[in-house]
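*Asks:* My questions will all concern the structure given below.
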Amino acid sequence: MLSSTSFHRFSSITHGISKVANEVLWIGVNDWDLREFHSMETPIGTSYNSYLIQSSQPTIIDAVKYTLADEWISRLSSVYPNGLKEIKNIVLNHAEPDHSSGIVKLLEKAPHIKLILTQKNLDTISRFYNSSKWNVQIIQGGTPFEIGNKTLILAEVPMAHWPESGVTYFPEKKILFSNDAFGQHIATTKRFYDEIDPSLYYTEAKSYYANILMKHGKPVLNAIKKVAGLPGVDMVLPSHGVGFRRPEDIGKIIKLYTNWANQTPEKKISVIYDCNWFGTERMAHAIANGAGKLVEVNCLHARRTHITHIAADALDSAALAVGSSVLHDNVLPDLAMNLQYLRCLSVKNKLGALFGTYGWNPTVLPKEIRSQLFLPTKVKEVVEPFIVKWSPSEADLQKCEEIGKTIAESVIELLQQQK
Ligand code: FEO
């Protein structure tokens with residue numbers, strides 16, 4: 001265990017370590033330069049949060065990405081100048097390599113460290129790494145286990161994000177190590193929500209939810225129920241970005257997650273389109289103008305907007321207006337990619353409309369937009385498709401404004417019904 005003298009030793013030169021609670025240290029790493037995380041844009045990097053509980057058997061919660069493991073291990077070594085032999089355990093909540101791959105390097109240097117995890121997690125990480133020589137303790141999800149003079153509980157939260165996903169609860173401090181849940185891709189030296197710009201937090205937390213977890217709404221709601229059943233949570237420490245230590249902040253993130261998991265519609269429309277020769281773009285702008293008098297609208301050009309941002313915008317929009325020009329017998333390719341991505345993320349509870357331009361086959365757009373997105377995700381169309389030949393006239397654009405107004409009125413009516 002770290003003595004007060006040795007804590008003082010590194011408290012003047014912190015090696016990037018933060019004390020997040022008594023006997024709990026952040027020992028993770030920032031991936032400052034990360035700009036992409038399995039197809040999601042990460043404009044300000046991310047962090048892989050790892051924590052050290054200074055019990056009589058010092059225990060790490062979650063590892064970091066392999067490429068940054070040296071920094072993680074040097075941080076751990078600065079806490080234990082007598083060597084890594086003082087560290088006894090590492091608890092692994094989740095097998096995805098951003099939280100597991102660093103153990104390969106750690107266990108090469110300190111093979112005595114016991115890996116504590118569920119059978120399902122061991123089965124998964126054993127597909128990524130050769131675990132045959134590792135010192136492993138399998139635990140039952142939900143059953144308390146000792147780490148020396150302290151106790152932890154690892155609760156399984158399947159599909160939040162992978163089947164083996166778990167969270168670890170530290171009852172003595174009422175800390176929840178929530179792994180992917182409640183995370184954000186933010187690289188920062190700050191450790192808590194109350195230390196950063198709330199609008200930056202909101203943007204990145206929403207983008208993270210939309211792109212990583214939107215598909216898993218039900219499992220996320222189940223995980224929230226499990227958290228609500230714990231005997232109190234005073235601190236939530238996710239494995240990416242900042243954590244939460246004020247009751248009002250914990251309440252806020254749980255409310256946001258509940259709304260996002262239900263895809264609760266806001267008074268908002270996403271106009272998502274692609275265009276070759278201005279026609280569909282002018283139609284999109286006219287629809288946005290018509291709707292924008294009544295509701296919030298975002299107009300998103302599929303070729304100029306990263307899928308990450310379109311997914312985040314669609315998450316809480318009550319309606320999707322989707323437009324394209326025809327390319328041979330299909331929609332334009334960047335729009336097709338977005339339709340595939342939104343389908344893959346399982347957008348739900350959306351009203352919809354489709355529009356665009358064609359040269360010689362007016363049946364392509366309704367058929368393709370419906371089959372690629374609207375039918376599989378049960379988008380409810382509130383106006384007839386509006387497809388014009390080659391390029392819209394002034395009268396067509398006037399009709400687009402009216403269509404925008406109709407979509408907005410449908411959104412308002414829907415929200416009133418849901419009150
Ligand atoms: Fe941050 Fe599912 O890993």
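No value in this document is a laboratory result; all are computed from the given coordinates. The structure presented is a predicted model; accordingly, all values stated were derived computationally and were not measured. We place every Cβ from the backbone using ideal geometry, glycine too, and count neighbours over all the protein chains shown.
*Asks:* From Cα coordinates alone, what are the radius of gyration and Dmax values for the chain in angstrom?
*Replies:* 24.7, 80
*Asks:* Along region 366-379, what does the Karplus equation 6.51 cos²θ - 1.76 cosθ + 1.60 (θ = phi - 60°) give for ³J(HN,Hα), rounded to whole Hz, x for Gly and Pro?
*Replies:* x, 5, 6, 5, 5, 6, 7, 9, 5, 6, x, 10, 6, 5
*Asks:* May I ask you to evaluate 6.51 cos²θ - 1.76 cosθ + 1.60, the Karplus curve with θ = phi - 60°, for each residue of region 197-203 and list the ³J(HN,Hα) values in order in whole Hz, giving x for glycine and proline?
*Replies:* Using θ = phi - 60°, the values come out as 5, x, 6, 5, 4, 4, 4 Hz.
*Asks:* Mind telling me which of Asn121, Asn22, Asn276 comes out most flexible in a GNM of the chain, alpha-carbon contacts under 10 Å?
*Replies:* Per the Cα network of the chain with a 10 Å cutoff, Asn22 tops the list.
*Asks:* Related question: Given Cβ point charges of +1 (Lys, Arg) and -1 (Asp, Glu) and nothing else, what value in debye, to the nearest 20, does the dipole of region 236-333 about its Cα centre take?
*Replies:* On the way: 10 positive and 9 negative charges, 58 e Å.
About 280 debye.
*Asks:* So how far apart, in nm, are the two label points at Arg343 and Thr143 if each is 7 Å from Cα heading toward Cβ?
*Replies:* A separation of 4.4 nm, rounded to one decimal place.
*Asks:* First measure r as the distance between the Cβ atoms of Arg35 and Lys173, then evaluate 1/(1 + (r/R0)^6) with R0 = 41 Å and state the FRET efficiency to the nearest 0.05. Could the numbers behind the result be given before it?
*Replies:* Details: r = 35 Å, r/R0 = 0.86.
The pair Arg35/Lys173 has a calculated efficiency of 0.70.
*Asks:* At 0.36 nm per residue, minus the direct Cα-Cα distance, what do Asn289 and Gln398 gain on full extension? Give it in nm, one decimal, please.
*Replies:* Taking 0.36 nm per residue and subtracting the Cα distance, the gain is 38.2 nm.
*Asks:* Can you compute the FRET efficiency between Thr258 and Asp123 using 1/(1 + (r/R0)^6), with r the Cβ-Cβ distance and R0 = 25 Å? Round to the nearest 0.05.
*Replies:* Computed FRET efficiency for Thr258 and Asp123: 0.20.
*Asks:* Sticking with this structure for a sec: Be a star and scan region 287-313 for residues whose amide nitrogen sits under 18 Å from the point 7 Å along the Cα-to-Cβ vector of Gln416.
*Replies:* Answer for this model: 291-296.
*Asks:* With r as the distance between the Cβ atoms of Thr406 and Thr67 and R0 = 51 Å, compute the FRET efficiency 1/(1 + (r/R0)^6) and round to 0.05.
*Replies:* It comes to 0.50.
*Asks:* On to the next question. For region 114-124, in order, what is each residue's ³J(HN,Hα) by Karplus, 6.51 cos²θ - 1.76 cosθ + 1.60 with θ = phi - 60°, in whole Hz (x at glycine and Pro)?
*Replies:* Residue by residue, region 114-124 yields 8, 8, 9, 6, 7, 4, 4, 5, 4, 4, 6 Hz.
*Asks:* log₁₀ I(q)/I(0) of region 66-139 at q = 0.12, 0.14, 0.17 Å⁻¹, via Debye over equal Cα point scatterers, no solvent, to two decimals?
*Replies:* These q points yield log10 I(q)/I(0) values of -0.30, -0.41, -0.60.
*Asks:* Then there's this: Could you tell me how far the Cα centroid of region 15-44 sits from the Cα centroid of region 152-220, in Å?
*Replies:* Result: 13 Å between the Cα centres.
*Asks:* Rank these for me by crowding, Thr59, Thr143, going from fewest to most other beta carbons within 10 Å.
*Replies:* Lowest count first: Thr143, Thr59.
*Asks:* Given Lys19/Lys206; Lys218/Lys268; Lys150/Lys190; Lys85/Lys150; Lys133/Lys206, which pairs have Cα atoms separated by over 29 Å?
*Replies:* Table pairs above 29 Å Cα-Cα are Lys133/Lys206.
*Asks:* Sort 332-344, 226-238 by the packing proxy (mean of other Cβ within 10 Å over each peptide's residues), most packed first.
*Replies:* Details: 332-344: 19.5, 226-238: 16.2.
The densest-packed peptide leads the list: 332-344, 226-238.
*Asks:* Over all distinct alpha-carbon pairs, what is the Kirkwood Rh of region 157-261 in angstrom?
*Replies:* 13.6
*Asks:* Bin width 5 Å, origin at 0, all Cα-Cα pairs of region 268-419: what percent of pairs per bin?
*Replies:* 2, 11, 22, 25, 22, 13, 4, 1, 0
*Asks:* Amide H neighbours of Ile90 under 5 Å, counting only residues 5+ apart in sequence or on other chains, H built in-plane at 1.01 Å?
*Replies:* Those lying under 5 Å, H to H, from Ile90 are Ile60, Lys114, Leu115, Ile116.
*Asks:* Based on alpha-carbon positions alone, could you give the equivalent ellipsoid semi-axes of region 53-98 from the gyration tensor, as √(5λ), descending, whole Å?
*Replies:* 19, 14, 6
*Asks:* Round to a whole angstrom and tell me the spacing of the C-alpha centers of region 81-104 and region 343-387.
*Replies:* Value for the Cα centre distance between the two parts: 48 Å.
*Asks:* Rounded, prolate or oblate: pick one for region 135-214, where a ≥ b ≥ c are the square roots of the eigenvalues of its C-alpha gyration tensor, a/c under 1.5 means rounded, and failing that, prolate if a/b is larger than b/c, else oblate.
*Replies:* Verdict is oblate for region 135-214.
*Asks:* Can you give me the three principal axis dimensions of region 199-277 from its C-alpha atoms, in Å, biggest first?
*Replies:* The Cα atoms of region 199-277 stretch 59, 26, 24 Å along their principal axes.
*Asks:* Can I ask one more? What's the magnitude of the charge dipole for the chain around its Cα centre, counting Lys and Arg as +1 and Asp and Glu as -1 at the beta-carbon? Answer in Debye, nearest 20.
*Replies:* Once rounded to the nearest 20, the dipole reads 900 debye.
*Asks:* To continue, here is another question. Volume per residue, Å³, of the convex hull around the alpha-carbon atoms of region 290-348?
*Replies:* On the way: hull volume 5.4 nm³, N = 59.
Per residue, the Cα convex hull of region 290-348 comes to 92 Å³.
*Asks:* Let me ask another. Considering only DSSP beta bridges with both partners in the chain, what is the antiparallel share in %, to the nearest 5?
*Replies:* 40
*Asks:* How do the peptides 83-91, 31-39, 316-324 rank, highest first, by the average count of neighbouring beta carbon atoms within 10 Å per residue?
*Replies:* Highest to lowest by the protection proxy: 316-324, 83-91, 31-39.
*Asks:* Just Lys293, Lys380, Lys133 to compare: in a GNM of the chain, with alpha carbon springs under 10 Å, which one fluctuates most?
*Replies:* Result: Lys133 has the largest fluctuation of those listed.
*Asks:* Cross-link list Lys65/Lys255; Lys267/Lys419; Lys252/Lys380; Lys215/Lys378: which exceed 20 angstrom alpha carbon to alpha carbon?
*Replies:* On the way: Lys65/Lys255 30 Å; Lys267/Lys419 13 Å; Lys252/Lys380 31 Å; Lys215/Lys378 15 Å.
From Lys65/Lys255; Lys267/Lys419; Lys252/Lys380; Lys215/Lys378, over 20 Å: Lys65/Lys255; Lys252/Lys380.
*Asks:* Another one. Just name one of Val233, Tyr273, Pro219: the one whose Cα is farthest towards the positive end of the charge dipole of region 217-273 (beta-carbon charges, Lys/Arg +1, Asp/Glu -1).
*Replies:* Going by the charge dipole, the pick is Tyr273.
*Asks:* Binning at 10 angstrom from zero up to the longest distance, how are the C-alpha pair distances of region 43-201 distributed in percent?
*Replies:* 10, 41, 38, 10, 1
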